[in-house]
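Some notes on the structure that comes next.
The values are calculated or read from the model by the stated rules, or taken from the named source; none is laboratory data. Only a predicted model underlies this, so the values are computations on that prediction, with no experimental measurement involved. So basically every Cβ, Gly included, is an ideal-geometry build from the backbone, and we count neighbours across all protein chains shown. Heavy atoms of the whole protein, side chains included, go into the accessibility calculation; ligands, DNA and RNA do not. Shrake-Rupley method; radii C 1.70, N 1.55, O 1.52, S 1.80 Å.
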Amino acid sequence: MAPTTLLDISEVHKFYANHHVLQGVSLQVPEGTVACLLGPSGSGKSTLLRCINHLESIDAGRITMDGTTLAYEERNGQMHQRPRAKVDKQRQDIGMVFQHFNLFPHYTVLQNITLAPSLLKKASKAKATARALELLEKVGLADKRNAYPSSLSGGQQQRVAIARALAMEPKVMLFDEPTSALDPELVGEVLKVMKDLAAGGMTMIVVTHEMSFAREVADSVVVMDGGVIIESGTPAAIFDNPQQERTRDFLRHVR
Ligand code: ADP
Ligand code: MG
């Protein structure tokens, strides 16, 4: 049996003023799979992730997660914006990790991870702490629980950011160039955490320029250019036998 589609992105359009940044993007991500999103700078990758997580509203199309439309609901045959509280609730199912880790500098590692579950999920302190320690174990940073972000390396901070996103128990994790700001020697430790997460069955969309990661971990590779998906397929299909000249051109530049 084919896995069910967890995230269904259908004909999504996004404008910034007159700039048509997403021009009808459709993408299905089955549960438990990893989609790696590639493409040149300015092609709309970050915008797509920000629309999925509803940091940005979409102008047309539909994004459905686990059978429920994100941010909008249909009433009398028309789409209406959901109330803010409902949208915020939906957003909790979508974890996001950015290029810059954005940890709260005045909180310890442990506090960074327990803050959102305590506030938003009303988790008890004991429960939130136990879960956070479990996650820190998972990302290899249990010994750093009481450290402040500024005392950590970039790779360690990014691993904390991943643990923080996981603390909300999201159904899907979005990564926007999570290793692009790191010194080269720190990239591997973050990719390893992401690889483990994928192996554990997390559904993920990863914008990355790490081609070896995409080849090894992705179930599907999706190539964007100019606000549209120009090509998608298995890593082997995209890397060894790209059909589009623009894909070949892009791959020549990142290899
Ligand atoms: P990518 O992540 O693939 O590099 P982006 O999604 O960041 O691409 O950007 C796609 C296009 O949208 C670019 O032309 C960019 O300049 C434009 N853009 C992105 N964010 C904004 C914004 N907040 N306001 C106006 N234009 C934006
Ligand atoms: Mg980007």
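Judged by the mean number of other Cβ atoms found within 10 Å, the most tightly packed of the peptides 232-244, 209-221 leads the ranking 209-221, 232-244.
Straight-line cross-link partners of Lys86 among the lysines, defined as a Cα under 24 Å from its Cα and at least 8 positions apart when in the same chain: Lys14, Lys121, Lys122, Lys171. Loop-resident trypsin sites (Lys or Arg not before Pro) (DSSP state other than H, G, I, E or B) in the range 39-134 with no more than 15 further Cβ atoms inside 10 Å of their Cβ: Lys121, Lys122. Using the Cβ of Glu31 as centre and a radius below 14 Å, the other residues enclosed give a net charge of -3, where K and R count +1 and D and E count -1. For the range 6-133, the solvent-accessible area works out to 50 Å² per residue, with a probe of 1.4 Å and every protein chain left in place. The residues packed around Ala132, meaning those with a beta-carbon under 11 Å from its beta-carbon, carry a net charge of +4 if Lys and Arg are +1 and Asp and Glu are -1. Three principal axis extents of the chain based on alpha-carbon atoms, in descending order, are 50, 49, 43 Å. Taking the Cα centre of the range 149-254 as origin and assigning +1 to Lys and Arg Cβ atoms and -1 to Asp and Glu Cβ atoms, the resulting dipole is close to 180 debye. Using Cβ point charges alone (K and R +1, D and E -1), the dipole size of the chain about the Cα centre works out to roughly 940 debye. Overall, the anisotropy analysis places the range 1-126 in the prolate class: the square-rooted eigenvalues a ≥ b ≥ c of its C-alpha gyration tensor yield a/c not less than 1.5, with a/b exceeding b/c. Cross-link candidates for Lys192: which aspartates and glutamates have Cα within less than 14 Å, leaving aside residues fewer than 8 places away along the same chain? Reachable aspartates and glutamates: Glu137, Glu210, Glu216.
Note on the range 98-168: with neighbouring protein chains present and a 1.4 Å probe, carbon and sulfur make up 56 percent of its accessible heavy-atom surface. The alpha-carbon atoms of the range 98-168 define a convex hull whose volume equals 76 cubic angstrom per residue. Where both bridge residues fall in the chain, DSSP classifies roughly 60% of the beta bridges as antiparallel.
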